[in-house]
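Taken together, the values in this text are just the output of simple stated rules run on the coordinates, not laboratory data. Since this is a predicted model, take the numbers as computed values, not measurements. With ideal geometry, Cβ positions are generated from the backbone for all residues, glycine too; neighbour counts draw on all protein chains shown.
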């Protein structure tokens, strides 16, 4: 009997990988798969035979190729892996130059969810481009979930923008909380906490810099590897999977944060 694990499903076996991923969409006939894979009938048949022998696919009564239960699991993991590689390759310098210790392992495993992102960077002519871009996006947000270990410029202006109309939950460090109280005013902050703002504090600096997730976008601005904050470069995405990733990251920090009470 053929060993089910002899087949190579590493990224180098692109044809087998692509065949499995194509079948996630649903059952397909040989001719359709051959066109999808852009190969000849002999090559396609050989590939499908290998996958059948490994119990990853089978042919139904209409001779369509279908993923087995094991094939479904393998195919989805391969899709995740391809998304991860795409995300890492597309934003290689961003991942190499920044401290990712603020992201827990289970979300690093899902970093491919950020594949449909873009990097917004400042320029010599517009050094504040990143900051102004994020602020413009925030103006249209109805909900804001924020993790912040630095004090943004114009914090009073930002507070006035979000403290009345938005559904805001923010997680800050102890130092950032004290500085925010100084800038905004204890009484104004207390009133906001009685209305639409929920504020949490973490004792240990998460080294995340500024991280925001809203109802329609997510923005990630971590520290550089040397410990300084990179004001000039943020990763931004409006995709649903990226927003889901962002909410999961925010929820991770709520588990280690304590609620702030200024009464």
Inset, instruction - Report the calculated FRET efficiency for residue 262 and residue 13 (r = Cβ-Cβ distance, R0 = 41 Å), to the nearest 0.05. - result: 0.10
Legend entry - Sites residue 25 and residue 251 - FRET efficiency at Förster radius 30 Å, r taken between beta-carbons, to 0.05: 0.45
Inset, instruction - Let me have the relative contact order for region 14-79, percent, based on Cα pairs under 8 Å that are six or more residues apart. - result: 39
Inset, instruction - Along Cα→Cβ, 7 Å out, is where each label goes; now give me the distance between the ones at residue 43 and residue 204 in nm to one decimal. - result: 5.2
Inset, instruction - Sticking with the crude label model, points 7 Å out along Cα→Cβ, report the distance from residue 195 to residue 96 in nm, one decimal please. - result: 4.8
Legend entry - Relative contact order (percent, whole number), region 61-115, Cα cutoff 8 Å, 6+ residue spacing: 49
Legend entry - Principal axis dimensions, largest first and in whole angstrom, of region 14-79 by Cα: 27, 27, 21
Inset, instruction - Using 0.36 nm per residue of separation minus the Cα-Cα distance, give me the extension gain between residue 61 and residue 139 in nm, one decimal. - result: 22.5 nm
Inset, instruction - Report the relative contact order of the chain, percent, no decimals, based on alpha-carbon pairs under 8 angstrom and at least 6 residues apart. - result: 18
Legend entry - Helix 41-53 axis, angle to the chain major axis (alpha carbon atoms, nearest 10°): 80
Inset, instruction - Using only Cα atoms, tell me the angle between helix 240-254 and the longest principal axis of the chain; keep it within 0 to 90° and round to the nearest 10. - result: 50
Inset, instruction - Subtract the Cα-Cα distance of residue 182 and residue 88 from 0.36 nm times their separation in residues, and report this length gain in nm to one decimal. - result: 29.8 nm
Inset, instruction - Please work out the C-alpha center-to-center distance from region 173-187 to region 82-102 and express it in whole Å. - result: 33
Inset, instruction - Please report the Cα spread of the chain along all three principal axes, rounded to whole Å, starting with the longest. - result: 74, 41, 31
Legend entry - Footprinting exposure proxy for 259, 45 (fewest neighbouring C-beta atoms within 10 Å first): 259, 45
Legend entry - Gained length - residue 126 relative to residue 52, 0.36 nm times residue gap less alpha-carbon distance: 21.0 nm
Inset, instruction - Any chance you could give the angle, 0 to 90 degrees and rounded to 10, that helix 129-139 forms with the longest Cα principal axis of the chain? - result: 90
Legend entry - Estimated inter-spin distance, residue 174 and residue 77, nm [label 7 Å along Cα→Cβ]: 4.3
